[in-house]
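Heads up: the structure comes next, in structure tokens.
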Amino acid sequence: MNPTYDFTGQVAFVTGASSGMGLATARAFAEAGAAVALADIDENTVTATVKDLTDAGHRALALVCDVSDEDQVAAAVDRTVEAFGRLDMAYNNAGIMPPPTDAADESAEQFDRVQNINLRGIWASMKHELRHMRDQGSGAIVNCSSLGGLVGNPGRAAYHATKHGVIGLTKSAALEYGSRGVRINAVCPGTIATPMVDAMAAKGELDRDQAAAGQAIGRLGTAEEIAQAVLWLCSPGASYVTGVALPVDGGYTAQ
Ligand SMILES: NC(=O)c1ccc[n+]([C@@H]2O[C@H](COP(=O)([O-])OP(=O)(O)OC[C@H]3O[C@@H](n4cnc5c(N)ncnc54)[C@H](O)[C@@H]3O)[C@@H](O)[C@H]2O)c1
């Protein structure tokens, strides 16, 4: 990877920032010169990640935050602006993958849990980021959807409902804010080699070789490849791009 972005003087906020794609994106923002707030429910990991970034000379802030709790999200976004003075870019990424379930057997508790983190969490993050970006009259938000926001998959109805919902939130808010200086897009990762996919493989829920064969490019994606798409969507290079759900999936949804 050869990032060519210069985000010096800008501030980024990333949720689910201590693992996988959130971590890769937070690191890429920092390496491109941004001050970065890393929000995650996992206190130990987010604290250690921020120490690594600050030890490497970057400006970074650890925020312990459960995105399903709106008050915690509001506080994390406000703390970012207090610490760094503004908010230019956000990657709303935190999410979970529940176990596969026959639609006739899915419990209401499992349905509510995945909605609360994957959909309500993105709603809350975007809402509180927009409070600041609306006042600034500028900003770029990227919401994490999935190939699951574009197609269905047996056993995954609740998860795919959240990811389709993220695209609806993204498009509507993009229309609302297009003339107010804030661009809002979604990224739709394919199957990406992260701890989430490692856990699915370990539980026998995903076969890596089969997943790789299902991509036109013939391999799983990397977290860094998603980070590059997010940085581009936040950059001036994407100044005329808003309301898009961008597949970064090795060609999976082209089939
Ligand atoms: N890995 C894939 O193949 C893939 C594909 C498409 C979309 N996605 C989506 O990408 C996002 C990131 O996935 P990943 O593969 O990097 O996962 P990951 O499990 O490696 O990382 C997820 C991060 O989110 C954090 N998190 C979980 N619940 C949280 C909560 N309530 N509040 C705050 N933080 C929380 C975790 O602590 C972790 O740091 C998720 O939204 C996921 O649904 C993943």
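Remarks
- Subset of segment 74-97 [within 10 Å of the ligand (Cβ to nearest atom) and open to solvent by less than 30 Å² (accessible area, probe 1.4 Å)]: Ala76, Tyr91, Asn92, Asn93, Ala94
- Among the residues making up segment 48-68, a single one is among the acidic types (Asp, Glu) and touching a helix residue (DSSP H, G or I) at 6+ places or on another chain (Cβ under 8 Å): Asp66.
- Failed item in (1) buried (at least 17 other Cβ atoms within 10 Å of the Cβ); (2) in a helix (DSSP H, G or I); (3) touching a residue at least 24 places away in the same chain (Cβ under 8 Å); (4) not β-branched (Val, Ile, Thr), with His160 passing the rest: (3)
- Segment 181-197 residues that are free of Cβ contacts under 8 Å to residues at least 40 places away in the same chain, paired with ones that are more than 8 Å from the ligand (Cβ to nearest atom) and part of a loop (DSSP other than H, G, I, E, B) (beta carbon under 8 Å, 6 or more apart): Val197/Leu206
- Test for Leu147: is it over 23 Å from Ala37 (Cβ atoms) and not charged (D, E, K, R): yes
- When Asp112, Asp71, Asp102 are checked against the criterion of being away from the ligand (no atom under 14 Å from the Cβ), acidic (Asp, Glu) and more than 15 Å from Ala17 (Cβ to Cβ), Asp102 stands alone in meeting it.
- Of residues in segment 24-65 being small (Gly, Ala, Ser) and in a helix (DSSP H, G or I), the one surrounded by the fewest Cβ atoms within 10 Å (Cβ to Cβ): Ala48
- Selection status of Ser138, within 12 Å of the ligand (Cβ to nearest atom), surrounded by fewer than 23 Cβ atoms within 10 Å (Cβ to Cβ), modelled with pLDDT of 95 or more and of a type in the set (Ser, Thr, Tyr): no
- First in segment 201-221 and free of Cβ contacts under 8 Å to residues at least 40 places away in the same chain and within 13 Å of the ligand (Cβ to nearest atom), second anywhere and open to solvent by 70 Å² or more (accessible area, probe 1.4 Å) and not aromatic (Phe, Trp, Tyr), Cβ under 8 Å, 6 or more apart: Ala201/Asp207; Ala201/Arg208; Ala212/Arg219; Leu220/Arg208
- Scanning segment 122-157 for residues being without any contact (Cβ under 8 Å) to a residue 60 or more places away in the chain, farther than 29 Å from Glu82 by Cα and not in a helix (DSSP H, G or I) gives a total of 6.
- Residue within segment 173-182 that is open to solvent by 30 Å² or more (accessible area, probe 1.4 Å), under 19 Å from Thr15 (Cα atoms) and not aromatic (Phe, Trp, Tyr) present: no
- Residues satisfying the stated conditions in segment 33-48, i.e. more than 10 Å from the ligand (Cβ to nearest atom) and either closer than 16 Å to Ala223 by Cβ or touching a Lys or Arg at 6+ places or on another chain (Cβ under 6 Å) (or both): Ala35, Val36
The values are calculated or read from the model by the stated rules, or taken from the named source; none is laboratory data. Not measured: the values here are computed from a predicted model. For neighbour counting, all protein chains shown are included, and Cβ atoms are generated from backbone atoms with ideal geometry for every residue, glycine included. These area figures cover heavy atoms from the full protein model, side chains too; ligands, DNA and RNA do not enter into them. Shrake-Rupley method; radii C 1.70, N 1.55, O 1.52, S 1.80 Å.
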